[in-house]
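Below is one structure, written out as structure tokens; comments come after it.
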Amino acid sequence: MAAHRDALYDVFAEELYDEDSNSLDDINFNIDDREAPHWPLVIPFNSAFIQFDPLRDPSHLTSAFYEQTFQPFLSGLYALLNLDDLSDNSTVA
Amino acid sequence: MANAKTVDYAEIRNGMSQFDLSSRVEPNDEIALDRAFLPNAHRGVLDTRRSLVVGNRGMGKSFWTHALLNQQLRQKLATVYGLKALENANVVIGFNGSDKVAAVAPTSDEIAVALAGGADPDVIWQAVLLRGARTARKDPPTTSFAEAIREVIDNPELYSCEMSALDDLLIREERSLLVTFDALDRLGRNWDQIRSLSQTLLSRVLRLQSFRSIRAKVFIRVDQFSDTELFRFPDSSKLKNSSVHLRWEAEDLYGLMLFELLRLDRPGQELRRLARDTNTDLALPDDGKMGAMSTQPLESLINAIAGEFMGSHKKRGRVYTWIPLHLSDAADTCSPRTFLRAWGAAATHTPSPTDKVVDHLGLSEGVRQASRDRLVELQEDYPWIDPALHALRGEFVPIEREQLLARWDQGAVLQTILKDSASEPTKAPVNLEQSESLQGLLEAMKSIAVMEERANGKINVPDIFRVEAGIKRKGGVAVPRASK
């Protein structure tokens, strides 16, 4: 995971971030900045989704089911979209 | 109405600008009860069962070495951290690099004389521990260090016999003894000598486990701890595995900053008013310790002090995370002095904001000044950082290892370091004298957290050192500034 984050940083730095002029106006981020664009929102593996079948079990479409795995991702997404009221504002992976 | 008075931000700002940054603890300093802030993360550091404490420059090694001497403070530490063993402990210093002749701790010169007189390093530490243990007696004898050395040499059984008797006495009286050691880098004039004395000390400290009521605590620098040669003695892994690193987490750093403000009369009053107005009283570290379990009130209070973002928009980063992130070294920690320095400098930045204590412009400048000071501070202990970073000026990080080593090679960095340290060998990295290689230099840079090896194998320099050294972050897009 850490190597993947570093690889993401390389891509963002080379293709998207501003060249470094040590100014607060630079669109350029610390490699370990969890709030930076290159920091991935992680969806952890959950074996429960191997059996995902909402036709057989409609509870698979309830938030109680999907949030076990997707809650950190959704929180991060809501925060990025400025939908903070939908996010618990704490669990960007 | 008195209650309706608004917060006087200028008063808090004034307090911040007065932060005492000169507080490097010198040998034999006394730490007053009201000066001690108790970070949540430092419980392990003070636990008497953990004999080895590792810390970089300015992280608090000397502070805790000397704070433990204060009996009132020990009582408080015992209560706050739930460390009962500190309640009835006698604490003495076994070595702290002091030049003043003391009842227990030898000076560097006394050690040098003992070594020159043929004393084995282990005899030296037996003499020190013996003198320390004797302080537990009702009428401790005044034995000079040279006399104690002589006693141990003349009577090889003296150490174990007398230590056993003193241990029994301490057990009967439900007391304990803690001998602390600091500033091991001042034990000798070169790393071989320092390593030999340190290794023997650690071995002797490990053997204190034979006693029930006598313990030692050794505060050691990160570069010495990384020296694999140091731990080449039987059972050293026991000591190494139970070691604890002195670290400062973000909430502890903020807690310290608030604590320092609360110690000041008027700024402290205004800070309390601000906390009351923002319903964040729980964040105030009353009595030197952090209050709330959750960091939410603390974050809210910092937002009230400095605004939430490093600019007008959250894309610039949140102040609460931005400051520690930009002041952290490769070990992901920040020295308390550096943190206070950043806020202190932010408080003197003009124009001052009217709706908060400091703003993002002040903080940005404060971080820059604090970074500069931190680099200078580390260069005092590790002067070889300077040529190692200088050779990378204009480079981009993270950098491939081979590219880094090539730059050092081209810049003759190793030769410069060896030349500069020829007359004073401790001015070179601990393990460089064996390896004399660029790889050894990289390991040294990593050991003091000025560089880090990333998961993808590239070498990075954290912002706190990178900016001042003129090393750049990667960034491929040239943006015309005028269009902003």
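Mind checking which residues of the stretch B:64-75 are surrounded by 19 or more Cβ atoms within 10 Å (Cβ to Cβ) and touching a helix residue (DSSP H, G or I) at 6+ places or on another chain (Cβ under 9 Å)?
B:W64, B:A67, B:L68, B:L73, B:R74
Where in the stretch B:129-220 are there helices (runs of 4 or more DSSP H), lying fully within it, with 2 or more residues that are in the same structural domain as B:I93 (by TED's automatic domain parsing), of a type in the set (D, E, K, R) and under 22 Å from B:Y382 (Cβ atoms)?
B:191-207
Here are B:D120, B:D192, B:D139: which of them is at pLDDT below 95, over 25 Å from the mean Cα position of the chain (by Cα) and not hydrophobic (A, V, I, L, M, F, W, C)?
Among B:D120, B:D192, B:D139, only B:D139 is at pLDDT below 95, over 25 Å from the mean Cα position of the chain (by Cα) and not hydrophobic (A, V, I, L, M, F, W, C).
For the stretch A:27-49, name all the residues that are without any contact (Cβ under 8 Å) to a residue 40 or more places away in the chain and within 7 Å of another protein chain (Cβ to nearest Cβ).
A:N28, A:N30, A:I31, A:D32, A:D33
Filtering the stretch B:365-401 down to residues that are of a type in the set (G, A, S) and in contact with a Phe, Trp or Tyr (Cβ under 9 Å, 6 or more places away or on another chain), which residue is nearest to the other protein chains (Cβ to nearest Cβ)?
Restricting to residues being of a type in the set (G, A, S) and in contact with a Phe, Trp or Tyr (Cβ under 9 Å, 6 or more places away or on another chain), the top hit is B:S371.
Kindly evaluate B:A449 against the criterion of being at pLDDT below 95 and in the same structural domain as B:A412 (by TED's automatic domain parsing).
So B:A449 fails the test.
For the stretch B:284-303, what are the residues that are assigned to a helix (DSSP H, G or I), touching a residue at least 12 places away in the same chain (Cβ under 8 Å) and polar (S, T, N, Q)?
Hits for the stretch B:284-303 are B:S300, B:N303.
Looking only at the stretch B:308-326, which residues are modelled with pLDDT of 90 or more and either touching a strand residue (DSSP E or B) at 6+ places or on another chain (Cβ under 7 Å) or closer than 18 Å to B:G15 by Cα (or both)?
Residues satisfying the conditions are B:E308, B:F309, B:R318, B:V319.
Counting only residues that are crowded, with 23+ Cβ neighbours inside 10 Å and hydrophobic (A, V, I, L, M, F, W, C), how many does the stretch B:358-377 have?
Going through the stretch B:358-377 one residue at a time, the tally reaches 4.
Looking for something buried (at least 17 other Cβ atoms within 10 Å of the Cβ), in a loop (DSSP other than H, G, I, E, B) and not assigned by TED's automatic domain parsing to the domain that holds B:D223 - is there at least one such residue anywhere in the stretch B:399-419?
no
Yes/no matrix, rows are residues, columns are (1) within 14 Å of the chain's Cα centre (by Cα); (2) assigned to a helix (DSSP H, G or I):
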| residue | (1), (2) |
| --- | --- |
| A:D20 | no, no |
| A:H38 | yes, no |
| A:I50 | no, yes |
| A:L55 | no, no |
| A:F70 | yes, yes |
| A:S75 | yes, yes |
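Identify, please: which residue in the stretch A:10-25 is within 20 Å of B:R318 (Cβ to Cβ) and more than 7 Å from every other protein chain (Cβ to nearest Cβ) and is, among those, surrounded by the most Cβ atoms within 10 Å (Cβ to Cβ)?
By that ranking, first place goes to A:F12.
Using the structure shown, decide if A:A7 is at pLDDT 90 or above, more than 25 Å from B:V319 (Cα to Cα) and facing chain B (nearest Cβ under 9 Å).
Yes: the conditions hold for A:A7.
Output yes when any residue across the stretch B:316-338 is more than 22 Å from B:W248 (Cβ to Cβ), surrounded by 17 or more Cβ atoms within 10 Å (Cβ to Cβ) and either assigned by TED's automatic domain parsing to the domain that holds B:V54 or of a type in the set (G, A, S) (or both), and no when none is.
no
Among the numbered criteria (1) surrounded by 16 or more Cβ atoms within 10 Å (Cβ to Cβ); (2) small (G, A, S); (3) on the phi > 0 side of the Ramachandran plot, which one does B:G394 miss?
Of everything listed in (1) surrounded by 16 or more Cβ atoms within 10 Å (Cβ to Cβ); (2) small (G, A, S); (3) on the phi > 0 side of the Ramachandran plot, B:G394 misses just condition (1).
Out of B:T143, B:T135, B:T180, B:T107, which single residue is surrounded by 15 or more Cβ atoms within 10 Å (Cβ to Cβ), among the hydroxyl-bearing types (S, T, Y) and touching a Gly at 6+ places or on another chain (Cβ under 8 Å)?
Checking each option against the conditions leaves just B:T180.
Being without any contact (Cβ under 8 Å) to a residue 60 or more places away in the chain and closer than 19 Å to B:S17 by Cα: is that true of B:D281 here?
no
The values are calculated or read from the model by the stated rules, or taken from the named source; none is laboratory data. All of these numbers come straight from a predicted model, not from anything done at the bench. Reconstructed Cβ throughout: ideal geometry from the backbone, glycine too, with neighbour counts over all protein chains shown.
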